[in-house]
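Asker: The structure follows.
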Amino acid sequence: MSSSLVSGVQIVLGIALLFAGGELFVAGSVALSLLLGIPQIVIGLTVVSLGTSAPELFVSLISTVQGNLGSAGADNLAVSNIVGSNIFNVLVVLGLSAVIVPLRVRSRLVRRDVPLLLGVSMAVWGMASTGRLTWQAGTALLLATLMNLVWEMRTARENPDEGNEINGGDASPAPVAAVKLAAGLALLVGGSQLLVAGATTAALAFGVSTTVIGLTVVAAGTSMPELVTSVVAAYRGKADLAIGNVIGSNLLNQLVILGICAVVSGPRGLEVDAVMIQRDLPIMVLTTLACLPIFWSHGVISRLEGGVLLLLYGVYLVEQLLLSTAPSLLGDFRLITLLVVVPAVLVVLAWQVIAWRQRRPEA
């Protein structure tokens, strides 16, 4: 059996195990938390939110540990998984959800959550600009997580309607909850190891960097829980859940997962690929920034805007593919993007900003 076929099987199986493990991990954690009498607000803001990000956590954490053991390219996979997942969440998860059903946006997202995510994304880009995320930077991110959690809990108590609902059907007997939690963790660890191994083997087999594999295949794979959750929520008319899932996951990816990985990396720090600093981290910041004018437009993410987000991800994927397989064509592609795609997107965004400004006096 060829190495490329083996790596493909490992990637698919790893993604499947991560998805199943994430479901069991959330179910077991919620049930155990309810048995321990933890307030539902805390469960919703921590366990449930972290549940959809569990695949990213385990993949990046295992990659960091392998980097500590001297595995080449492991750090790049750990960081690129987070950056790629955040780009995928905004452009694909949010875009596809809006194409299915236009999403109504709460004003809180524009006033608080998106600006917070933008600030965190810029801070992470700044911290990574030296080429390494140090354990001190990781500690700062984890402290910021605690501060945000306290703020979220205060806001949720003041506005109960905005809290995450946990219903009585989530409760289970203690042995069942423990088994679900243990099985979920086992599947997450096993799936993470398979996905990391498959991604590394694929990178070697196709002659591309682990950074590119992490930004595309691994990032899309670990973002499947967010994609399924948001698409189903959008179809059922729960726009708050669809949008909040994306924003919350992107915050957790950077504050918690990158924070933990940077701390675990120890004195050596978490290596960040120079290409990622110059290209992918700025793209992550720009996709977050683009959310503001999109969210402003009549308080709704329209199908047109969702389509624009999906188009931008398609452009991003083509760039990644050309960079690895046909760098000679990259210049022409970037010229077409600059002359055609960028002006079209700017026109749409400007249109939304004008619509928002015209709507302001009515508010």
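The values are calculated or read from the model by the stated rules, or taken from the named source; none is laboratory data. Remember, it's a predicted structure, so these values are computed and weren't measured experimentally. Glycine gets a Cβ as well: all are built from the backbone with ideal geometry, and neighbour counts include every protein chain shown. Only protein heavy atoms, including side chains, enter the accessible area calculation; ligands, DNA and RNA are left aside. Shrake-Rupley method; radii C 1.70, N 1.55, O 1.52, S 1.80 Å.
Asker: Pop out the carbon and sulfur fraction of the accessible area of region 229-342 as a percent, whole number, probe 1.4 Å.
Answerer: Carbon and sulfur atoms account for 73 percent of the accessible area of region 229-342.
Asker: Could you let me know the centre-to-centre spacing of region 297-332 and region 185-253, using Cα atoms, in angstrom?
Answerer: So the two Cα centres are separated by 18 Å.
Asker: Summarise the accessible area of region 56-147 (1.4 Å probe, protein heavy atoms) by the percent that is carbon and sulfur.
Answerer: Solvent-exposed carbon and sulfur of region 56-147 make up 71 percent of the total.
Asker: Further question on the same structure: In terms of the Cα gyration tensor, with a ≥ b ≥ c the square roots of its eigenvalues, is region 82-140 rounded because a/c is under 1.5, prolate because a/b exceeds b/c, or oblate?
Answerer: In terms of gyration-tensor shape, oblate.
Asker: Something else: For a protection proxy built on the mean count of beta-carbon atoms within 10 angstrom, sort 146-154, 24-32 highest first, please.
Answerer: So the order, starting with the most tightly packed, is 24-32, 146-154.
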